[in-house]
Structure formats: structure tokens, C-alpha cells
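What follows is a set of notes on a single structure, which appears directly below.
The values are calculated or read from the model by the stated rules, or taken from the named source; none is laboratory data. Quick caveat: nothing in here was measured; it's all calculated off a predicted structure. Note: ideal-geometry Cβ built from the backbone for every residue, glycine included; neighbour counts use all protein chains shown.
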Amino acid sequence: MIRSVVYLVLAAVLATLIVVLAEQSTREQREFNNAVYAARMLGEVLPAGEYDQTPGLQVILLHDEELLGSIDPLPAYPVYRDGTFFAIVMSVVANDGYVGPIGLLVGISKDGHVLGVRATSHRETPGLGDKIEAQKSDWILQFQETGSAPTRTWRLTRDGGDFDHISGATITSRAVTRAVGRSLEYFAANRNQLIALPPD
């Protein structure tokens, strides 16, 4: 009996040790993969070659539950050209998606125009709501080069605004459109502090 318990304890310790070693041996590769993915996503919401450094090297945390959609601070990435503020890529959450929250990256230029938007996480319906992904539809590209117009225009055309919706995914479309509009509101309200951020 005692021998069986000892064997079980040793087996548990060995299994734990294997898991820990596996996690440690793959951590560096996972961190590298995450960094590559983040840099690629950031690059997709910025015009190519118009900034000094690889996007994502400088990270700040922004907090505004109402406009950014999260009770927790969210990462944002200032981008510089010739040593001066060029744009910022902000993380935003649309909490009113059809299935659940939708994570977004929104690139905003110094003068308050949207440079690009990408969905980073969601659980929207395959074949419908997942068309917010740029690789599945060009719907999300309509936000590029739009400015900080009055909030009322940051709606779908069917709601009296300026933006088309994805057929069969009105709730998803509405959630993303509102979230992008709120990110512009945040930028407008905090522009002076953001553009004054020095490059690292």
C-alpha cells in the first residue's frame, strides 16, 4: 500500500516536472511568435514605411472603460516619424458583439484620422460575423481615412450613419463601427497628452 502511494507521488512529481520543462523550453518560441503576430497586426493598421521603428517597440497602457470598452488598462502603441509622433495604434473592445466581445486594433493618425482597423479576437458567427476579419472580407477596410466626424455619423447607414453593414451580421457590424467611433472620441479627448509622448 505504501509502495503504491510512493509510486503515485513519484509519477505525479515526474509528470509535473515534464510539464514545467516543456513549458520552459517552448516559452521563448511562443513569445517570439506572439511578437511577430503583434508586429504584423500593428503593421496592417499603419501605412507601410511611414514610421521610424518597428511597431510595438513602445507600449503604453490606456484606461477608459466607457470609450475603450474594458475595465482593465489596454495596450496602445505610439508610432513616430523622424522622432515626432506620427500615429497611435489603440486596443479597443466592442462589448456588444453578437456572440461576445470583439477585440480591435485601431490606428489613428496625429490629425485624428483612422489609418486602419483590424479585428484581433472574437467569437462571431463563422461565415457571417467573422467577415470583420480582413482576410475574409474587405468590410473593415471602409474605416480607413475616415476622420473624427460627429459621433452620430459613426453608425451604420441603416441607423442614419455613414457605414455599410455585413449582410446577416448587423449586430456585429454595429458593434465594430461604434467601437471605432469611440476610439476616435478617446483620441480627440486625450490628443495633447498622446502626441506629447516622447519616443523611448
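Which of the residues spanning the stretch 114-128 are over 11 Å from Val45 (Cα atoms) and within 17 Å of the chain's Cα centre (by Cα)?
Result: Thr120, Ser121, His122, Arg123, Glu124.
Out of everything in the stretch 88-140 that is among the β-branched types (Val, Ile, Thr) and part of a loop (DSSP other than H, G, I, E, B), what residue ends up being modelled with the lowest pLDDT?
Only one residue fits best here, namely Thr125.
Identify, from the list Thr84, Thr146, the residue that is of a type outside the set (A, V, I, L, M, F, W, C) and within 19 Å of Leu197 (Cα to Cα).
None of the other options fit; the residue is Thr84.
Checking the conditions here, which among Pro126, Pro75 is without any contact (Cβ under 8 Å) to a residue 24 or more places away in the chain, at negative phi and in contact with a strand residue (DSSP E or B) (Cβ under 6 Å, 6 or more places away or on another chain)?
Pro75
Here are Ala87, Ala94, Ala76, Ala119: which of them is farther than 18 Å from Leu141 by Cβ and crowded, with 21+ Cβ neighbours inside 10 Å?
Being farther than 18 Å from Leu141 by Cβ and crowded, with 21+ Cβ neighbours inside 10 Å holds for just one of Ala87, Ala94, Ala76, Ala119, which is Ala76.
Which pairs do you get when a residue that is farther than 15 Å from Ile88 by Cβ and touching a residue at least 40 places away in the same chain (Cβ under 8 Å), found in the stretch 57-69, comes within reach of a residue that is in a helix (DSSP H, G or I) and not charged (D, E, K, R), reach meaning Cβ atoms under 7 angstrom, with the pair 6+ apart or on two chains?
Taking only residues 6 or more apart or on different chains, the pairs are Gly69/Ala179.
Six or more apart or on different chains, Cβ atoms under 9 Å: show the pairs whose first residue is in the stretch 164-175 and modelled with pLDDT under 90 and surrounded by fewer than 20 Cβ atoms within 10 Å (Cβ to Cβ) and whose second is hydrophobic (A, V, I, L, M, F, W, C) and outside any helix (DSSP H, G or I).
Listed by first residue and then by second, the contacts come to Ser167/Leu128; Gly168/Leu128.
Mind checking which residues of the stretch 67-84 are out of contact with any Lys or Arg (no Cβ under 9 Å at 6 or more places or on another chain) and assigned to a loop (DSSP other than H, G, I, E, B)?
Once the filter is applied, which keeps residues that are out of contact with any Lys or Arg (no Cβ under 9 Å at 6 or more places or on another chain) and assigned to a loop (DSSP other than H, G, I, E, B), the stretch 67-84 yields Ser70, Ile71, Asp72, Pro73, Asp82, Gly83.
Rundown of residues vs (1) in a loop (DSSP other than H, G, I, E, B); (2) within 18 Å of the chain's Cα centre (by Cα); (3) small (Gly, Ala, Ser), yes/no style:
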| site | (1), (2), (3) |
| --- | --- |
| Gly147 | yes, no, yes |
| Val176 | no, yes, no |
| Arg182 | no, yes, no |
| Asp200 | yes, no, no |
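Within the stretch 130-148, take every residue that is over 13 Å from Leu105 (Cβ atoms) and touching a Phe, Trp or Tyr at 6+ places or on another chain (Cβ under 8 Å) and give me the one that is surrounded by the fewest Cβ atoms within 10 Å (Cβ to Cβ).
Gln142
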